[in-house]
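Peer 1: Before I ask anything, let me first share the structure, which is written out below as structure tokens.
The values are calculated or read from the model by the stated rules, or taken from the named source; none is laboratory data. Just so we're clear, the structure is a prediction, and the values are computed from it rather than from any experiment. Glycine also receives a Cβ, built like all others from the backbone with ideal geometry; neighbour counts cover every protein chain displayed. Heads up: the accessible areas ignore ligands, DNA and RNA and are worked out on the full protein's heavy atoms, side chains in. Shrake-Rupley method; radii C 1.70, N 1.55, O 1.52, S 1.80 Å.
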Amino acid sequence: MHENTTIRNTSGPLRAFVGRSCLRLLGWKLEGTPIDAPKYVLVAAPHTTNMDLFYMLFTTMALRIPATWMMKDTAFWWPVGSLWRKLGGIPINRRAATNVVNQVLSIFSSRDHLALLIAPEGTRKAVKFWKLGFYWMAMGAGVPIAPGYIDHRNKIIGVGQPIPLTGDLEKDFQAIREIFEEKTGISPEYDPRQAERHLQRNKKD
């Protein structure tokens, strides 16, 4: 993690007001309540446009969630890189042969409070499968997964309460899928049900 990245333990009422106001101006209906858990992985999906990051950041602000999030390091160019880090952004080098999961586990173990925001698709492009890094991060850290959903069709955005994990991929993903199944991204090809078959295949490997 970059030493200048800001990791917050709390998020105050002013940030909540700004977040709610921005979502309202952009035409989004907010759902959810603050999360009562010290550490968790916050999954944000579907991620089909660059604006999804801002929508979800406004949502975490509105719900007083002190989110930390990851983004490719090439986006942290001067001067916007300082802003991303101030907002909790962690630059990730996707080109290097580094184990991002282990890096994240180290961060979790060193913090008493951490809400890590991750897009499971790993890209804003249309995909058929979710990547499994978010699941292994949560399992390795012994923390639950909180669902952050973005429904472009109905202009609804929100965060559900954390889902405890059992270690059974099929059982855990079924609970996650039920929340995201009806959520629609900008891409018409987005289908979270495809991710379940991906999980099942990884279980056999």
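Peer 1: Can you name the condition, by its number, that residue 172 falls short on among (1) at pLDDT 85 or above; (2) under 22 Å from residue 69 (Cα atoms); (3) touching a Ser or Thr at 6+ places or on another chain (Cβ under 8 Å); (4) not in a strand (DSSP E or B)?
Peer 2: Result: residue 172 fails condition (2) only.
Peer 1: Within the range 141-166, restricting attention to residues that are part of a strand (DSSP E or B) and either among the aromatic types (Phe, Trp, Tyr) or without any contact (Cβ under 8 Å) to a residue 60 or more places away in the chain (or both), which residue is least open to solvent (accessible area, probe 1.4 Å)?
Peer 2: It comes out as 151.
Peer 1: Next question. Across the range 167-184, which residue is most open to solvent (accessible area, probe 1.4 Å) among those that are touching a strand residue (DSSP E or B) at 6+ places or on another chain (Cβ under 9 Å) and within 24 Å of residue 58 (Cα to Cα)?
Peer 2: Applying the filter and picking the extreme gives 182.
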